[in-house]
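Below: one structure, written as structure tokens.
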Ligand code: NI
């Protein structure tokens with residue numbers, strides 16, 4: 001179910017190479033109103049930026065919380081844990097912290113993950129294709145990892161140059 005009717009605060013998304021993107025997020029222990037508010041605001045921020053996923057790390061909040069929304073399905077991933085992966089897919093990937101940058105590389109074709117919802121209930125999600133890619137992308141953010149980490153140094157260098165050009169060199 002899409003969450004188009006959800007309103008909330010739109011956070012400013014941190015852009016690479018902001019060092020906050022490299023921080024490892026802390027597990028969520030309190031399933032309270034503040035957490036529900038954070039999830040609502042992450043959805044609002046993702047919608048405002050036409051994203052398919054967003055991790056709390058990308059808005060400077062070091063909590064293991066991410067949201068994913070793709071093809072009318074939305075997912076709240078709190079303390080997500082990868083259980084298993086299967087196969088391989090190659091596809092183009094982008095990130096709200098890297099405006100205008102896309103890169104092609106391999107990810108698992110299928111993933112099985114466990115994640116908690118805002119009430120602390122554990123859910124198992126089995127996803128494939130683009131949703132699987134989005135899940136692992138967001139889970140990486142919670143470990144301080146970004147998608148260009150999967151690329152060669154040469155490609156990473158080219159992306160950095162492009163970002164400098166786009167932003168006028170604020171690095
Ligand atoms: Ni991202």
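Nothing in this text is a laboratory measurement; each read-out follows from the coordinates by a stated rule. Here the structure is a predicted model, which means the values were calculated and not measured. Cβ: placed from backbone, ideal geometry, glycine included. Neighbour counts: every protein chain shown.
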Exercise for review: Given the options 74, 84, 152, state which has the largest fluctuation in a GNM of the chain using a 10 Å cut-off (strictly under) for Cα springs.
Suggested key: 152
Point to revise | Cα radius of gyration and Dmax for segment 1-154 (Å) | key: 14.4, 45
Point to revise | Residue with peak Gaussian network fluctuation, the chain [Cα springs, cutoff 10 Å], from 34, 138, 26 | key: 34
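Roughly speaking, what % of Cα-Cα pairs in segment 74-171 are separated by over 16 Å, rounded to a whole number?
Summing the P(r) tail past 16 Å for segment 74-171 gives 61 percent.
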**Study point:** Folded to 0 to 90 degrees: helix 33-48 orientation relative to the chain principal axis, Cα
**Key:** 40 degrees
Review point. What order do you get for 32, 117 when you list them from fewest to most C-beta neighbours inside 10 Å?
Key: 32, 117
Point to revise | Centroid-to-centroid separation of segment 111-154 and segment 63-96 [C-alpha atoms, Å] | key: 4 Å
Study note, to complete from the structure: Rounded to the nearest 500, the 222 nm mean residue ellipticity computed for the chain from DSSP H runs (n ≥ 4, each -39500 (n - 2.57)) alone is -8500 deg cm²/dmol
Exercise for review: Report the residue, chosen from 55, 103, 25, that carries the largest GNM mean-square fluctuation when the chain is represented by alpha-carbon nodes joined by springs under 10 Å.
Suggested key: 103
